[in-house]
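K.L.:
Can you read through this structure? Questions will come right after.
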Amino acid sequence: MRCGIVRRMDFLDFGHNQWLVAISFVVALVAGATGLSLTRDLSEKSLSQRRLAVALGAIALGGGIWSMHFVAMLGLKLPILFYYDAAITLASALIAILMVALALVLLHFTERSREIIIAAGAIVGSGILAMHYVGMAGMQLCKPVYTLPGVLGSSVLAIVLCILAIGIAYNERSNRTIVIGTVCFGVAVFSVHFLAMAGTNFVALDNIREFGPVISNEVMAVGVILSSFVIFGAFLWVGTTYLVPANVPTTEAEGSENAAVPEQPAATLRIPCERDGGKVFVAAPDVVFVRADGHYTQVYTLTEKYFCVWPITEAVKRLEPTGFLRVHRSYIVNPRRVVGFERTKDKGQCTFGEADLPPVPVSRSNLKAALTAFG
């Protein structure tokens with residue numbers, strides 16, 4: 001009992017600068033908006049573009065987690081002078097970026113399902129936790145002492161909120177869900193940090209536990225300012241895409257890859273496909289629907305399924321002018337072949353009568369067009 005009293009008396013009193021607390025929350029929100037916006041509509045982009053977007057999104061989200069943490073730590077008020085180990089501090093940033101990158105790879109390079117979304121959210125939440133506690137381990141002349149409720153509470157909160165954020169943002173990649181997902185992500189990073197801090201005490205140490213070079217709060221402030229500047233700059237760059245009207249026509253200056261495809265009658269359009277190692281040309285009117293398959297597509301007729309080298313974006317460019325309708329980010333259908341349409345709340349599905357074909361989902365963002373097309 002006496003020993004426990006001595007330990008409590010050795011704990012240092014601490015508080016936080018309220019302005020830096022508020023700024024740390026803003027940093028978390030901006031990072032979330034940037035990362036989730038950078039990874040939007042990747043199914044319509046090439047493999048190299050998807051890789052670049054995932055890498056930039058991981059840097060934005062992981063770097064935002066790190067920046068939020070250390071903006072808040074700059075506002076930590078302790079009665080003693082303390083420093084940071086540069087190597088451990090850098091490792092904490094890399095851990096956050098790599099774990100977020102792993103989550104984004106699962107979301108954008110595998111078949112997205114509820115299990116994948118839960119796994120990705122849990123990985124991001126674990127990344128927040130790992131970044132926090134590794135970053136805290138870098139403190140010098142001051143040792144954090146954790147309580148079990150603080151660790152368990154912050155762990156549960158991190159994983160639950162991140163699953164919620166990823167689930168909302170990836171349910172349907174619209175402006176509304178990205179905004180809600182951003183708020184959930186920002187709240188997750190912010191609340192996890194301060195809940196963990198509420199369950200943390202500090203004791204003074206006489207010696208520096210040297211692992212790497214030691215940096216002061218002043219040097220740390222410069223690093224945090226630079227990282228925050230990059231995140232805010234990326235946010236402004238990404239934000240400009242929301243200011244461009246959706247119906248602005250593509251110009252030649254934007255590259256021949258995005259140039260409009262001339263309209264072609266459906267009767268004369270033939271889709272280059274492959275089957276059994278040979279080339280097959282399928283007439284557009286015979287196609288029931290086209291499904292994205294990674295960077296390629298699968299073309300379905302009433303009786304056959306073919307492999308096509310077109311990505312889904314190319315299929316949309318070629319087939320929409322002939323009357324095909326995009327009903328999902330991964331599907332376009334031939335309305336003339338649709339026998340039934342069922343609506344379930346804010347989504348739906350197309351069916352094709354007695355043909356041995358799976359139903360095609362209709363996403364929320366394409367529901368209005370589908371309702372118009374199918375009456």
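K.L.:
Anything in region 349-363 that is modelled with pLDDT of 85 or more and either more than 17 Å from VAL290 (Cα to Cα) or not in a strand (DSSP E or B) (or both)? List them, or say none.
P.N.:
In the first step, residues of region 349-363 are kept if they are modelled with pLDDT of 85 or more; the result is 349-352, 357-363.
The answer is PHE352, LEU357, PRO358, PRO359, SER363.
K.L.:
Which residue pairs have Cβ atoms under 7 Å apart, sit 6 or more places apart or on different chains, and have a first residue in region 171-182 that is more than 19 Å from ARG114 (Cα to Cα) and a second that is part of a helix (DSSP H, G or I)?
P.N.:
The qualifying pairs are ASN175/TYR242; THR182/LEU29; THR182/GLY32; THR182/ALA33; THR182/LEU36.
K.L.:
Is it true that PHE190 is in contact with a strand residue (DSSP E or B) (Cβ under 9 Å, 6 or more places away or on another chain), at pLDDT 90 or above, aromatic (Phe, Trp, Tyr) and more than 18 Å from VAL54 (Cβ to Cβ)?
P.N.:
Working: in contact with a strand residue (DSSP E or B) (Cβ under 9 Å, 6 or more places away or on another chain): no; at pLDDT 90 or above: yes; aromatic (Phe, Trp, Tyr): yes; more than 18 Å from VAL54 (Cβ to Cβ): yes.
In short, no.
K.L.:
Of the residues LEU325, LEU319, which is at pLDDT 90 or above, buried (at least 16 other Cβ atoms within 10 Å of the Cβ) and farther than 19 Å from ARG364 by Cα? Talk me through it step by step, then tell me what you get.
P.N.:
Values: LEU325 fails: farther than 19 Å from ARG364 by Cα.
Going through LEU325, LEU319 in turn, the sole match is LEU319.
K.L.:
Of everything in region 121-142 that's under 20 Å from the mean Cα position of the chain (by Cα) and without any contact (Cβ under 8 Å) to a residue 60 or more places away in the chain, which residue is surrounded by the most Cβ atoms within 10 Å (Cβ to Cβ)?
P.N.:
Looking at the filtered set, the residue picked out is GLY121.
K.L.:
The conditions are (1) out of contact with any Pro (no Cβ under 7 Å at 6 or more places or on another chain); (2) modelled with pLDDT under 90, and LEU12 fails exactly one of them. Which is it?
P.N.:
LEU12 satisfies every listed condition except (1).
The values are calculated or read from the model by the stated rules, or taken from the named source; none is laboratory data. All values derive from a computational prediction rather than experimental measurement. As a convention, Cβ positions derive from the backbone with ideal geometry for all residues, glycine included, and neighbour counts pool all protein chains shown.
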